[in-house]
Amino acid sequence: MLHHALLEGAEAGEANGHEELAPGFQRKVRRLSHTFRTRSVDHSAPAATVESTSILREIPALSVAMLMSAINAVSYGTLLFASPATSHAPNGTVIWLMSTIGTQIGTLLVSNIQNGISCPMLEMIPIMHALFLNIASKMHDRSPEELQATCLASCFVCTFGLGVGLLIGTRLGLASYLRAVPLIVLKGALFGVALFLMSSCLKVSSGDMDVEQTHLWAPAVLLGLALFAVDEAIHSPVAIALSLLAVGLIPSCLDLLNIISLNELQEKGWCFQPGSIATEAWYMEVAKAYKSAFLHIDWMVIIEIMPAMVGIAASASLLMLMDLKAVELLTEREFSLDKELRSIGVSNLLSALCGGGFPCYILCSLNVTCHRLGGRSALIGVGLTLSSTCCLFVVSNVVPHLPRALPGGLFMWLSLVFAKETIVDICSKYTHISDVFIVAIMALVVKFYSFNDGLFVGTLLAMSVFTVRYSGSQAGVRTSGDARFYRSICTRDGFEHEALEQLGHLIAVVHVEGFLMFGSTPAFTDAVARRVGPSGFC
């Protein structure tokens, strides 16, 4: 509907019957920048004063981001290789931190979100566990070394392939096609993941003990319910991070108060065993593990599960898109979807090359929290990279002090969050019985078969139901006008509003409702033609 360039010469303005714009105003408009890096600075103040003031304003956001990142690394890192198929894998917290460093460097170098924060994908943890179990079923007669090596290789291949796929896709302009995937498919997949997380909570909390020992997994279930209640009551990521910190300190406090020793807690299965944590330096542990794994990889199994990894990459791309759009809406900023997906692609490549090898994305909650606390510059990303590097040298001494209820509680909390998002969305938006049917079928397929099969079945059902339901619906024009009156919700300064006041008459805006189907397109085109004049304007 745009039949013009926003910036035209004075002759074009006169030809359309509008007054000529001042040359100085045209030059200002051409210098407008709509990236995140543009900030208005009072040049009358000394440069050193402005810089010091900006740094001071970043300190609260940087402090909270570093604290939350460290807690997430210790908490979620213990979940990375909690699957029975990877019981002898490297320290998961170390792998989490290495992935964080790689993805944060990629965000700093490529992303236009100057204060962007990247981290490993929380939602991919149970999905990767399901992939590991699938590999274990195909290698039941192999040695533990071969099984572990193949699981680690699948994680690296998936992350590296995701990065390459995002770079190629954005180069070809395929990012916009992600919006065509039905949202109900993603909700159904998340509900299936929620069921998988609930069952995994018991196994992670029990460790090597019998799952029937209720006293081991009951605290994890109660912790997950408490975290869910706190999250729903105050919606504060900082409160969740502090709660996790408090739970992690309980064994150490009991030991200091001489109530019960840490060794007794470890022997009874309440805490992680120190024997599962390497006594040598973290880099030596990771190097030896990767060197040994490279010699035992079964590449035929990797090729056999390639379709499953493609499905995981597709799901990860959808989750990335949802978090990016959430960051854009909650911070009231606009950015290029292709540019940011390209930066996530580079971040995943660096995550693999840095030795982490776990899929990464731009996390909505942490980015929004830092934005609200005043984080606006690349200082946030630099600080997180340095703090994650420092954590690598102390993490091996921290994990044996953590209770097993911590990762189990996180599993239960995430499962409740995913289930709640699906149920609330179904009740508030997808009231049709067919949508409930799709979610239920997908959840069962994901739980009892595989994640890839669930995505395929859900997409096929959603496309079929949508075609049948809306093939005869009509689309209509609700209102029409120009950009002087109809504007997007993004934040603009006074000069940009002035530009729209003078140039907005060149932009035709048409508000449409309904669905554009093959049968309704001609009627919709006629309706728009009646609203838009021969010159292309309303």
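The values are calculated or read from the model by the stated rules, or taken from the named source; none is laboratory data. Model, not experiment: these values are computed from the prediction. Methodologically, a virtual Cβ is constructed for each residue, glycine included, from the backbone with ideal geometry; neighbour enumeration extends over all protein chains shown. Accessible surface is based on the protein model in full, side chains and every heavy atom, while ligands, DNA and RNA are left aside. Shrake-Rupley method; radii C 1.70, N 1.55, O 1.52, S 1.80 Å.
Taking amide hydrogens as placed 1.01 Å from N in the peptide plane, the amide H of residue 362 sits under 5 Å from that of no residue at least 5 positions away in sequence or on another chain.
Solvent-accessible area per residue in segment 309-465 equals 38 Å², computed with a 1.4 angstrom probe and all protein chains kept.
Less than 5 angstrom separates the built amide H of residue 512 from those of 478, all sequence-distant by 5 or more or on a different chain. Per the Debye formula on identical point scatterers at the alpha carbon atoms of segment 301-345, with no solvent, log10 I(q)/I(0) at q = 0.13, 0.15, 0.23, 0.26 Å⁻¹ is -0.39, -0.48, -0.80, -0.91. When you work out D = kT/(6 pi eta Rh) for segment 96-157 at 20 °C and 1.002 mPa s, using the Kirkwood radius from C-alpha pairs as Rh and the Stokes-Einstein form, the result is 158 µm²/s. Each peptide among 127-135, 373-381, 283-291 gets the average number of other Cβ atoms lying within 10 Å of its residues, and from highest to lowest they stand as 127-135, 373-381, 283-291.
Sorting 224-236, 156-168 by their mean Cβ neighbour count within 10 Å, with the most densely packed peptide first, gives 156-168, 224-236.
Suppose the Debye formula is applied to equal point scatterers at every Cα of segment 293-409; what is log10 I(q)/I(0) at q = 0.11, 0.24 Å⁻¹? With one equal scatterer per Cα and no solvent, log10 I(q)/I(0) is -0.56, -1.37. In terms of accessible area, using a 1.4 Å probe and ignoring ligands and nucleic acids, 171, 469, 478 rank largest first as 171, 478, 469. Globularity index of segment 225-367 is 1.44 (Cα radius of gyration / 2.2 N^0.38 Å, N = number of residues).
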